[in-house]
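The values are calculated or read from the model by the stated rules, or taken from the named source; none is laboratory data. Quick caveat, the model's predicted, so the values are computed rather than measured. Cβ sites come from the backbone with ideal geometry, for glycine too, and all protein chains shown count toward neighbours. Ligands, DNA and RNA are excluded from the accessible area calculation, which covers all protein heavy atoms including side chains. Shrake-Rupley method; radii C 1.70, N 1.55, O 1.52, S 1.80 Å.
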Amino acid sequence: MGPRWKGKGAEVKALADPISEIVRQFQSSLISSNSRGMLSGTNVFLKADAELTDLLNRACFGRPRVTSEKNEQWFQLSMEEAFYLQYSLKCITVVDYNDTELNNNELWKYMTSRKDKFPILVKAFSHLRSKNWVVRSGSQYGVDFVAYHHHPALVHSEYAVLVLSAQDGSANGRLRVWSDFHCTLRLCGSVAKTLLILDIEQQQSCAASPSCVDDYIVEERTITRWSPEQGREKK
């Protein structure tokens, strides 16, 4: 389907400011400021000054939260975003409600206890982010994530992403029967998105530590709805 840019000049702006460079600047800024994220339930909150706020918005991590503080902004990170920033990019440290720093194994244990699918979801998130896709929640479309070619202000999301795993019973039984495929494809078609299936092959049945995820294999499949119009002879 290809990127659907928003307005004239959007593609030029995106090419001039690639996501890879924005994330590099963002990572460097977090490291230099020794940024710490505060764990709260199934979210991590990150305090940001004006510079970091700009980079968070440009890199598309987290969502801003309204506060009474004038010079600082708080951003709410999902568990996948927070773990990716700590474990993969090594640019933040997550602390608990006692202000105690959590190492990678402790953070992993906490997050896997809060979300059964966390190992395969964070693998899928990291997989797409490492390829410089902007990844956001896909709950409004009934999928796990949506993937953007660049910032959502410049382009519409291109893929609706479902994360499945044979070891996880096809992730709660999704897409096990034809009617599931049909409904999902109709929905994706109605919002001009391509369905992307990320099938995660888990090398170990029990993900006891985050290092297990490094060995997971990701198989990418796009599924589209065939139209009879495409097979007709032109008159």
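Each peptide in 123-132, 15-24, 40-49 gets a packing score, the mean of other Cβ atoms within 10 Å over its residues, and the list from highest to lowest is 123-132, 40-49, 15-24.
With angles folded into 0 to 90 degrees, how steeply does helix 104-114 sit against the dominant principal axis of the chain? Use alpha carbons for both and round to 10. Taking the Cα atoms of the chain, the angle to 104-114 is about 60 degrees. Over all other residues within a Cβ to Cβ distance under 12 Å of Glu81, the charged ones net out to +2, with Lys and Arg as +1 and Asp and Glu as -1.
Here the accessible area of the chain is 48 percent carbon and sulfur, with a 1.4 angstrom probe and all protein chains present. Working note: Cα atoms of the chain, range along each principal axis, descending, whole Å: 68, 48, 30.
Just subtract the alpha-carbon distance of Ser68 and Glu51 from 0.36 nm times their residue separation and send over the number in nm, one decimal. Present the calculation step by step, with values, prior to reporting the outcome.
Numbers: separation 17, 0.36 × 17 = 6.12 nm, distance 1.85 nm.
4.3 nm is the gain from fully extending Ser68 to Glu51.
Return one whole number: the accessible area per residue of the chain in Å², for a 1.4 Å probe. Numbers along the way, then the final one.
On the way: 13000 Å² over 235 residues.
So the chain comes to 55 Å² accessible per residue, rounded to a whole number.
Peptide packing for 83-90, 101-108 was compared via the average number of neighbouring C-beta atoms within 10 Å per residue; ordered from the highest value, the list is 83-90, 101-108. Axis of helix 118-130 versus longest Cα principal axis of the chain: the two differ by about 80°, to the nearest ten degrees. Considering only Cys60, Asn105, Asn71, the residue lying farthest towards the positive end of the dipole of the chain is Cys60, judged by Cα position with unit charges set on Cβ.
In this structure, the amide hydrogen of Thr93, modeled 1.01 Å from its nitrogen in the peptide plane, lies closer than 5 angstrom to those of Arg36, Gly37, counting only residues at least 5 positions away or on a different chain.
Students often get this wrong, so check it: of Lys13/Lys109; Lys6/Lys109; Lys70/Lys193; Lys8/Lys131; Lys8/Lys47; Lys47/Lys117, which have C-alpha atoms separated by over 32 Å? Provide the component values of the computation, followed by the final result.
Values: Lys13/Lys109 41 Å; Lys6/Lys109 41 Å; Lys70/Lys193 39 Å; Lys8/Lys131 26 Å; Lys8/Lys47 34 Å; Lys47/Lys117 28 Å.
Result: Lys13/Lys109; Lys6/Lys109; Lys70/Lys193; Lys8/Lys47 exceed 32 Å.
Maximal additional length on extending the Thr93-Arg221 stretch stands at 42.7 nm, based on 0.36 nm per residue less the C-alpha distance.
At a Förster radius of 25 Å, what calculated FRET efficiency corresponds to the Cβ-Cβ distance of Asn103 and Asp17, to the nearest 0.05?
On the way: r = 34 Å, r/R0 = 1.38.
The value I calculate is 0.15.
Quick one: putting +1 on the C-beta of Lys and Arg, -1 on the C-beta of Asp and Glu, what dipole do you get for the chain around its Cα centre, in Debye to the nearest 20? Mind showing how you got there, number by number?
Numbers: 29 positive and 27 negative charges, 207 e Å.
Computed about the Cα centre, the dipole is about 1000 debye.
Helical content alone sets the calculated 222 nm signal of the chain at -9500 deg cm²/dmol, taking -39,500 (n - 2.57) per DSSP H segment of four or more residues and averaging over every residue.
Pairing the Cα long axis of helix 50-59 with the longest principal axis of the chain, what angle in degrees results, from 0 to 90 and rounded to the nearest 10? So the helix axis and the longest Cα principal axis differ by about 20 degrees. Take every DSSP beta bridge with both residues inside the chain and express the antiparallel ones as a percent of the total, to the nearest 5. Around 75 percent antiparallel, to the nearest 5.
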